[in-house]
Number of protein chains: 2
Amino acid sequence: MRKNQVTITDLARELNVSPSTISRALNNSPFISEERKRVILDLAAKMKYSPNQLALSLLNKRTKILGVVVPEITSYYFSTAINGIQDKVGSSGYKLMISQSNESFEEEIRILEAMALVRVDGFLISPSSNTVNFDHLEKLRDSGFPLVIFDRDCLGFDIDKVVVDDYSGALQAVEYLIQTGCKRIAHISGSTNLSTAKHRKNGYIDALLKNNFEVLEELIVCGEDSSSESGVASMKKLLELEELPDAVFCYNDAIAIGAMSVIRENGIKIPDQISLVGFDDEPYSSYFKPSLTSVWQPIYDLGLLSAKILLDKLNTDVEDMKYRFEVLKPELVIRDSSRKLKE
Amino acid sequence: MRKNQVTITDLARELNVSPSTISRALNNSPFISEERKRVILDLAAKMKYSPNQLALSLLNKRTKILGVVVPEITSYYFSTAINGIQDKVGSSGYKLMISQSNESFEEEIRILEAMALVRVDGFLISPSSNTVNFDHLEKLRDSGFPLVIFDRDCLGFDIDKVVVDDYSGALQAVEYLIQTGCKRIAHISGSTNLSTAKHRKNGYIDALLKNNFEVLEELIVCGEDSSSESGVASMKKLLELEELPDAVFCYNDAIAIGAMSVIRENGIKIPDQISLVGFDDEPYSSYFKPSLTSVWQPIYDLGLLSAKILLDKLNTDVEDMKYRFEVLKPELVIRDSSRKLKE
DNA sequence: CTGTTAGCGCATTCAG
DNA sequence: CTGAATGCGCTAACAG
């Protein structure tokens, strides 16, 4: 903080009035004469007075700061969610304290504790992939912090949540592959204890079952993480199979891109020999060769809605409002990495 | 903030001692008996006491919060810089308040003012592309806020700065193109009033001049912004020329990707007919077809160093330390979108 | 070693 | 309408 901040007392001394009068003028209370008010406001402007939020926070017991924790900010996905959060929150005077857990459970706990100490007014959290229990979140909730979980569900933990219907997205994607004539559809999955990975895998499996396809273990590969490198490794495994798949549904675009490069290197044609589908619809997906069919997610809206729910919570006194569980719908975007529907 | 926070006074009442004694125990002052200390610490743990940072901030006149303002968090570039900042700052107990200006000058001013009110301890700023004057930054500096400008230089504004040597990066790239036999090298530039765009363009021009090439206005195109879409539009313009260029040096990878798709659509071979070079070396660049030659920037380190400089500043009492101006070196990464050097 | 006092900057009683 | 007093939670200076 700066050394010589102009305070309400400075103004009071200058004008030979009491600090409370200054306060009244500044907050334009009705209990002050118009003339005085003007004089005070003028001086305040001239002396560049600005209220000390810290003192106010201490007094009001609220900071107007929201804590946001995501697994990683570098990903297009989460930064876009933050974008949505920011846009929602900006106009309401709330500031964002953002931190990333780097997919570490311990880090997540540390960050949350630090933010609780700062007394943020609420939390927006997308848990790390290694977050196995939710004691830390429960602790926050129970000590009265409003919090909203977004994108990654915490199964079994009761709280406000906003997620994308991964299951439906996967179902759409795989059914499309089936409709375009693919017979041997593989799946490259993401980190196993991610709710999103589970749901997408389930969508994949159910799409197969629904269409009387066999679910083959050998066609389901799970990489280390959800990166392009992981996609490369997983795809290589699939290419070692006796009988190659004729389609691959990937957990996300990053994996799909890695897979694409491996397929290409092996001289296999996309989509003629193998159809490829990603998830997320990242900005570059349409610029790949071939352009990537992918499941678009309303991730910006997800951020927006999460923030809205938190703000609503903050602006209501009612305590025991039911927790909300919002599910946003994804959408399949068909491009050139998958075969076309026959007319 | 939570309704029923446990305070130092609560503990004091419980134990029938004065608040200062509690304070001493908590801060393990030497002026307290070991026994009492233990008792107090135990109770504090049991009652889940946690210090109120707000009160401390008000007292110490520092919040341990750093304000970070970037043009956009969604970009890989800036989110990686934030990553570096976070990693540097995390261990020192500082928290980050992050906001994006969305390349808007007015928004930048608003954000900065809000952060100043919160009394952040310092600023890390990468100005928007529409920031034409630096009065707001000067105001911050003059009211005593330490601030570090990173990535985008504010020409003429004297302050700590950390930037990448765009000029040298561009020079490397274009000289490489020349060495591989390109004769007619075009340039697609970014937003005109960005220091980075200026420097890259200058690097391009100087590389040409140094090698006795003519600088042709028709070969320099400037798009609306720095997006892939802008790259598409700019490349189309270049393809309308009587005589096509045999190389295009782009302001960044996004533009290059857009350009690549246009070139491909027109049945022109990369790199045989046109060499393509980007800037930033985004993670997907190596997965494009052909993989993109690009200038890698030490952007993570840029964040790291900026944060370090700010922290150093914060930990020194000395006022009139000279402002630092750090320039990080980029590096050309050669891939398949440019011709190879002849042996 | 420990308690009392004061004050960080502010808004909100309560008396005038 | 206005001023004095009080307290948000905490530490530091000052007396014991």
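Looking at segment A:191-336 only, what percent of DSSP beta bridges run antiparallel? Nearest 5 please. Don't skip to the answer; put the middle values down first.
On the way: 3 of 10 bridges.
Of the beta bridges lying entirely in segment A:191-336, close to 30 percent run antiparallel.
Could you pull the copy-to-copy label distances for B:Ile268, with points set 7 Å along Cα to Cβ, in nm to one decimal and sorted shortest first?
Spacings between copies for this position, smallest first, are 3.4 nm.
Give the total of Lys-Lys pairs in segment B:1-105 with Cα-Cα distances below 21 Å; include a pair only if its members are 8 or more places apart or on different chains.
Working: B:Lys3/B:Lys46; B:Lys3/B:Lys48; B:Lys37/B:Lys46; B:Lys37/B:Lys48; B:Lys61/B:Lys95; B:Lys64/B:Lys88; B:Lys64/B:Lys95.
Total qualifying Lys-Lys pairs in segment B:1-105 comes to 7.
Subtract the Cα-Cα distance of A:Leu328 and A:Gln179 from 0.36 nm times their separation in residues, and report this length gain in nm to one decimal. Before the final figure, lay out each step's value.
On the way: separation 149, 0.36 × 149 = 53.64 nm, distance 2.46 nm.
Using 0.36 nm per residue and subtracting the Cα-Cα distance, I get 51.2 nm.
Pull up all non-local amide H partners of B:Val68: gap of 5 or more, or a different chain, and H-to-H distance under 5 Å with H placed in the peptide plane.
B:Met97, B:Ile98, B:Ser99, B:Leu124
Please compute, for peptide B:286-293, the average count of beta-carbon atoms on other protein chains lying within 10 Å of each residue's beta-carbon.
Numbers: counts 3, 13, 6, 7, 1, 1, 0, 0.
If you average over the peptide's residues, the count of other-chain Cβ atoms is 4.
Quick one: order B:Cys182, B:Cys250, B:Cys222 by neighbouring beta-carbon count within 10 Å, fewest to most.
Numbers: B:Cys182 23, B:Cys250 33, B:Cys222 16.
Result, fewest neighbours first: B:Cys222, B:Cys182, B:Cys250.
Which residue fluctuates the most in chain B, going by a Gaussian network model with Cα springs under 10 Å, if the choices are B:Pro19, B:Pro298, B:Pro127?
The residue with the greatest mean-square fluctuation here is B:Pro19.
More than 24 angstrom separation, counting every C-alpha pair in segment B:166-296; what % is that?
Numbers: 1296 of 8515 pairs.
Pairs farther apart than 24 Å: 15 percent.
Where both partners of a DSSP beta bridge lie in the protein assembly as shown, what percent of those bridges are antiparallel, to the nearest 5? Please report the intermediate quantities before stating the final value.
Details: 7 of 75 bridges.
Counting DSSP beta bridges with both partners in the protein assembly as shown, the antiparallel share is about 10 percent.
In nm, one decimal, shortest first: how far is the label point of B:Phe31 (7 Å from Cα along Cα to beta carbon) from the matching points in the other copies?
Result for B:Phe31, in nm, nearest copy first: 4.0.
Which one of B:Asp165, B:Asp121, B:Asp225 has the biggest mean-square fluctuation once chain B is modelled by GNM with Cα springs under 10 Å?
Judging by the Gaussian network model, the answer is B:Asp225.
What percent antiparallel are the DSSP beta bridges of chain B, to the nearest 5? Let's see the in-between values first.
Values: 3 of 37 bridges.
Just about 10 percent of them are antiparallel.
Just need log10 I(q)/I(0) for chain A at q = 0.08, 0.15 Å⁻¹, Debye formula, equal scatterers on the alpha-carbon atoms, no solvent, rounded to two decimals.
-0.50, -1.16
Around B:Ile334, under 13 Å between beta carbons, what's the net of Lys plus Arg minus Asp minus Glu among the other residues?
Numbers: positive: B:Arg335, B:Arg339, B:Lys340; negative: B:Glu175, B:Asp281, B:Glu331, B:Asp336.
With Lys, Arg at +1 and Asp, Glu at -1, the net is -1.
How big is the shadow of the Cα convex hull of segment A:180-221, averaged over all directions, in nm²?
On the way: hull surface 12.1 nm².
Result: a mean projected hull area of 3.0 nm².
Just B:Met97, B:Met47, B:Met260 to compare: in a GNM of chain B, with alpha carbon springs under 10 Å, which one fluctuates most?
It is B:Met47.
For segment B:183-269, with the dipole built from +1 on Lys and Arg beta-carbon atoms and -1 on Asp and Glu ones, taken about the Cα centre, which of B:Leu219, B:Leu194, B:Leu208 lies farthest toward the positive end?
Positive-end residue among those listed: B:Leu208.
I'm a student and want to see the number: the projected area of the Cα convex hull of the protein assembly as shown, averaged over all directions, in nm². Working shown, then result.
Details: hull surface 151.9 nm².
Mean projected area for the protein assembly as shown: 38.0 nm², to one decimal.
On each of the three principal axes of the Cα atoms of segment A:8-51, give max minus min coordinate, whole Å, ordered largest first.
Computed over the Cα atoms, the extents are 23, 17, 17 Å.
Rounded to whole Å, give me the distance from the Cα center of segment A:156-229 to that of segment B:171-242.
Centre-to-centre (Cα) distance: 44 Å.
Could you pull the copy-to-copy label distances for A:Asn211, with points set 7 Å along Cα to Cβ, in nm to one decimal and sorted shortest first?
Those label-point separations list as 5.2 nm.
Treat every Asp and Glu Cβ in chain A as -1 and every Lys and Arg Cβ as +1, leave all other atoms uncharged, and give the resulting dipole magnitude about the Cα centre to the nearest 20 debye. If you can, show how the numbers build up before the last one.
Working: 40 positive and 49 negative charges, 347 e Å.
About 1660 debye.
Work the Kirkwood hydrodynamic radius out for segment B:87-170: mean of 1/r over every pair of different alpha-carbon atoms, inverted, in Å.
Value: 13.8 Å, from the Cα pair sum.
Projected onto the charge dipole of segment A:1-66 (+1 at Lys/Arg Cβ, -1 at Asp/Glu Cβ, origin at the Cα centre), which of A:Ser33, A:Leu11, A:Gln53 gives the Cα projection farthest towards the positive end?
Going by the Cα projections, it comes out as A:Gln53.
With the contact rule set at Cα under 8 Å and sequence spacing of 6 or more, what percent relative contact order holds for segment B:8-51?
Computed over segment B:8-51, the figure is 35 percent.
Set the Förster radius R0 to 56 Å, insert the Cβ-Cβ distance between A:Lys48 and A:Phe105 as r into 1/(1 + (r/R0)^6), and round the FRET efficiency to 0.05.
FRET efficiency, A:Lys48 to A:Phe105: 0.75.
When every alpha-carbon pair in segment B:225-343 is counted, what percent end up more than 25 Å apart?
Numbers: 2664 of 7021 pairs.
Percentage above 25 Å: 38.
Coordinate-derived values only; no laboratory data. Everything numeric here is computed off the predicted structure, so don't read it as measured data. So basically every Cβ, Gly included, is an ideal-geometry build from the backbone, and we count neighbours across all protein chains shown.
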